[in-house]
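Undergrad: Dumping the structure here so I can ask a few things about it.
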Amino acid sequence: QVQLVESGGGLVQAGGSLRLSCAASGSTFSSYFMAWFRQAPGKERVFAAGITWNGGSKYYADSVKGRITISRDKAENMVYLQMNSLKPEDTAVYYCAAHGRVIPTTDPGTYDFWGQGTQVTVSS
């Protein structure tokens, strides 16, 4: 069992930066593929970024590539999402998620564990 708690969301002006954190608990956290999803009002939850268990491979949605960096600290059981050059269209609730499968996936239905989400609002 893995429990995830996000933090770091807030209100920021366009062009600004935010760093989201996801604190994980559970004895098998280090073996899970971790990801960040986001859900804008009235829209589906979509994949933003993902990282393999050892941090060796990272994956990004085209909409955020070049502006967002995912990282993890296995020793501290943390996953981070550094977001730069934020745009109003980045406004969403951001969720941390985990799954124990070998193959990375962008389908939210394949993830086993979710955090409660943290709101990011980017003003123009």
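The values are calculated or read from the model by the stated rules, or taken from the named source; none is laboratory data. Only a predicted model underlies this, so the values are computations on that prediction, with no experimental measurement involved. Ideal geometry is used to build each Cβ from the backbone, glycine not excepted, and the neighbour counts take in all protein chains shown. Keep in mind that these areas ignore ligands, DNA and RNA; they rest on the heavy atoms of the full protein, side chains included. Shrake-Rupley method; radii C 1.70, N 1.55, O 1.52, S 1.80 Å.
Undergrad: Computing the accessible area with a 1.4 Å probe over protein heavy atoms, can you report the carbon and sulfur percentage for region 14-69? Write down the numbers at each step before the final one.
TA: Details: 1320 of 2740 Å².
That fraction is 48 percent.
Undergrad: Going by average Cβ neighbours within 10 Å, how do the peptides 2-10, 34-42 rank, with the highest at the top? Mind showing how you got there, number by number?
TA: Working: 2-10: 16.8, 34-42: 18.7.
Order by mean packing, descending: 34-42, 2-10.
Undergrad: Keeping every protein chain present and rolling a 1.4 Å probe, give me the accessible area per residue for the chain in Å². Intermediate values should be presented prior to the final figure.
TA: Values: 6160 Å² over 124 residues.
Accessible surface, normalised per residue, equals 50 Å².
Undergrad: Under 5 Å between amide hydrogens, which residues at least 5 positions from Gly117 or on another chain qualify, with H placed 1.01 Å from N in the peptide plane?
TA: Result for Gly117 returns Glu6, Cys96.
Undergrad: Using a Debye calculation, one point per C-alpha and no hydration shell, please list log10 I(q)/I(0) for the chain at q = 0.10, 0.12, 0.23 Å⁻¹ in order.
TA: Debye intensities relative to I(0), on a log10 scale: -0.26, -0.38, -1.41.
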